[in-house]
Structures are given as C-alpha cells and as structure tokens.
Amino acid sequence: MSEHFDTIIIGAGAAGLAAGRELNRQGRRILIIEARDRIGGRIFTRREAGFQTPIELGAEFVHGRPRATSELIEKAGLSVEESSDVRLFSDNGKLKPLNDFWSLVQSVNSQINPNEDITYQEFLDGIDAPDSAKRMARQYAQGFNAARAEIISAPAIALSERAYAEIDGEKNFRVNEGYDAIIQELTRELPAESIRLSEAVLEVKWQFENVAIRTSRATYTAKNAIITVPLGVLRAGTLAFDPLLTAKSDLLSHLEMGHAVKVILRFQHRWWEQIAGDFGYVVSHDAPIPTWWTQIPAATNLLAGWAAGPAGEKLAKCRPTEILAQAAASLSQIFGVSENFIDGEVISCHSHNWSTDPFSLGAYSYPGVGGIEAARKLAQPLENTLFFAGEATDSSGHHGTVHAAIASGYRAAHEIIARTVPAVA
C-alpha cells in the first residue's frame, strides 16, 4: 500500500523546505521528495579540508535585506558581512576604477517605459544614450539576470530595480557560516522522516483534491502537492503530469531559464592585491569569464568568476578542465599576468554546471516579454490540488533569488492552509 500524506512537496530546495516548515508548524503531515542526494537545491555550499571559508557553488549573496532571509538569519543566530562594492573595469588589460557604475546603469534603465513590454535589446536600440553606458548596462542586465538581452523583458528589469530599492538591494551580504546554514534553519523543526533524498519523481497523477506521485522507489498519495522544481525542469517536461498541465504550458513560453557558470579558484597568495589593491568586483567586456569578485572584507585567497547569459551558455558546454583554462585566460587578460603564473598559483578549482544538472537545467529564471504576468499565473493553484512555488513564480521583481524562493514556499503553504483541512489524523 502507498503512504498517504496531507501534502507532498516535490523538491527540497529553499522553496520546498520553506513550504514544509510552514505546513509542519500547522500540524500537517508532509513528505518532501528530493531527487538529489542532498537538500538545498541551487544552494550548494562546500567546504575544503583545512580551509575555513565556505565555498558557494550556487547562491552566494543575500541581496539587500529581504524579510524572508533576514528572519531566518536572525532566528538561527547567523552572522553576515557586506561585500565590498569597489568595482574595477579592465580595458585591454588596464584596470580603471568604476566609481560611476550604478549611475551609468541607472542613466540607461531610468528610461524604461514600464507600460511598453519589449525586450531589453529593443529598449536599448530605441534610446538616446552613450554607447559605453548602454554596453555596461547591457552587460550588467545579462550578467545579473543570467539572461539574453534580446529575450528578457525591459519592464521586468525596471520592476526588479524598484523591488531591490525597497530592500537596499544594491548591497550584497554573505553568510559567514555558509548559505547552507539558512537551509539548516529551514529544516530545524522538520522530522527527519519527512524528507526523502535520492528519489526522483517520475509522474504526478492528479484530480480534484487527490494526487498520486510515482517516484523511482514508490508511489505516494496526498490531498494536494506543491511543485517547486526549477523552471528548466518544468520546461523540459521530464516531470510527467497526468493530466497535462495545459493551463500552465502557454505561460512557460514567456519565462526563460538563464544560464550561468561560476568558478571559484583558491590560490596560494592574494596576488591580485599587488596589482589592483582592495576591490570587490572587476569586470571586462570581452574576457570569456567577464566578472570576478573577491571575498572582501574577508581576507581569503579565493576569487570567484561569473559568466552568465550568452557567456554562460558558451561556458556551460565546456568540460571542467576547459573551464579552468578559460578562467586562467580570463584572469590573464584582466590583470595582465601570464596564464602560466595563474596556473602556478592555483591550489584548487571548484565549479558546478547547473545547465547540465538534470535537476535544474539552468541557473535561475527570468521573464521574457509577458513574463511578469506569466509568473503570477504560474503561481496560481490548480483545482485546489496542485500548488506552485519556486523563484520562477515570483512576479514582484525578485525572480532568480533565494529570498523569492523562500517567500514563494511560504505563500504556497499558506494557500493550502487557508483552503484545506488536514486529511491525515
């Protein structure tokens, strides 16, 4: 016989765990099913023996002071530090201060008409602004959103900027104990038996207030389910629904899964300090991995490289050895040192290819034209039976973030609590 629950949650990322936390607090019997052999989803913190600093292969920054993550940080007694916003620009190997970065971007994006839903590239092509400012704004939009300028919605970028302004979003913070400490706080009250790992969901059969979920190990039933799988998985159709999610299929064409490759290099020395001094970020327009950041104010021998959007799509096709070679080539180009020097300084290289990861199939989502409304509709329940959460369901301007995922999990849980009574005594 199959096990029966009040609610089954598919995915043990931030959204799924947040939903489980809220439902468990209300006395609901839940089951969280996760295909990976770990919890956390696209939060993936690793630790290297003999090295104190956590290595974040997925989400690294808390963007601003969003309520969803700030409350968890406070309850868990975690400490955060603001990252340095000192930015440099590498122009043909010459490093220049980028003190006017935010004003450059704002001078462009302030011209977005929120009522004209066109792509960001169409917006750039139609405005009067210096080419240098437009190029910098374009690179930032693609890098931050892991997006293609010719696909992402311009009003979605404007909405995101307004949303971030409300939470001090230009400031980035790191959790000193590691981002997975937030995940641990989400699971602190959950019974261990309520989470099943290494168990991929194959099919969701559903009808009004009744679901049967078949996994690689068993079949489970419940009154309802929360779907928190990443947009890339939903779009790929690797998770089967019977009947099909026809009410959602058209929406997916307005939402895109962005691609990004992050590589973290640990070096013998902080050699870049002798070249560039203290800085938070350095960017280049044409390096294979165009954006790098330090861990300042923490004094570590780590540099993190970030290639997103079109640059990320190219790098996602590379093998790990090729990614390391591209990293060395990028740092050589940006700082004007030899690749042999970089290779000789590297102690270890860490990366995770989210684009080829079958349980994410991309880094995080972004709205295309019509995507803001599509995300709002994607979040709506189906027949009081299937509920939806995850960062791709955010329509408030926080898509792609951990705090959006957590907030969406809370939302879906509260929708169930408001609409249903426990089915399991």
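The values are calculated or read from the model by the stated rules, or taken from the named source; none is laboratory data. Please read these numbers as outputs of a predicted model, since none were measured by experiment. Using ideal geometry, Cβ is built from the backbone for each residue, glycine included, and neighbour counts are taken over all protein chains shown. Surface accessibility is based on the protein's heavy atoms, side chains included, excluding ligands, DNA and RNA. Shrake-Rupley method; radii C 1.70, N 1.55, O 1.52, S 1.80 Å.
Numbers at a glance
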| item | result |
| --- | --- |
| Alpha-carbon centroid distance for the pair segment 264-304 / segment 61-100, whole angstrom | 14 Å |
| In sequence order, calculated HN-Hα J values of segment 204-215 (Karplus, 6.51, -1.76, 1.60; Hz; x Gly/Pro) | 10, 9, 8, 8, 3, 6, 7, 10, 10, 10, 9, 10 |
| Under 15 Å from the ASN384 label point (7 Å along Cα→beta-carbon), backbone N, segment 204-225 | 207-211, 223-225 |
| Residue-wise HN-Hα coupling along segment 393-402, computed from phi with Karplus coefficients 6.51, -1.76, 1.60 (Hz; x: Gly, Pro) | 8, 7, 10, 9, x, 10, 3, x, 10, 5 |
| 222 nm mean residue ellipticity, helices alone, for the chain (DSSP H n ≥ 4; -39,500 (n - 2.57); rounded to 500) | -10000 deg cm²/dmol |
| Given charges at beta-carbon only (K, R positive; D, E negative), |dipole| of segment 41-158 in Debye | 360 debye |
| Candidates GLU203, GLU22, GLU48, ranked by Gaussian network fluctuation over the chain, Cα under 10 Å, top entry | GLU48 |
| Inter-site label distance for GLU373 and GLU3 at 7 Å from Cα along Cβ, in nm | 4.3 nm |
| Cβ charges +1 (Lys, Arg) and -1 (Asp, Glu), total dipole of the chain, debye | 820 debye |
| Kirkwood estimate for the chain, i.e. one over the average of 1/r between Cα atoms, Å | 22.2 Å |
| Ranked packing of 389-400, 24-35, most packed first, by mean Cβ within 10 Å | 389-400, 24-35 |
| Highest-MSF residue in the chain out of SER338, SER153, SER351 [GNM, Cα springs under 10 Å] | SER338 |
| Share antiparallel - DSSP beta bridges, the chain, percent rounded to 5 | 65 percent |
| With every protein chain in place, the chain: carbon and sulfur % of accessible area (1.4 Å) | 50 percent |
| Separation of the ILE127 and ALA76 label points, Cα + 7 Å toward Cβ, nm | 3.7 nm |
| Solvent-accessible area per residue, Å², over the chain with all protein chains present [probe radius 1.4 Å] | 42 Å² |
| Compactness relative to 2.2 N^0.38 Å, alpha carbon Rg of segment 314-395 | 1.69 |
| 3J(HN,Hα) from dihedral phi, segment 348-360, Karplus parametrisation 6.51/-1.76/1.60, rounded to Hz, x for glycine, proline | 8, 10, 10, 7, 9, 8, 6, 6, 9, 5, x, 9, 9 |
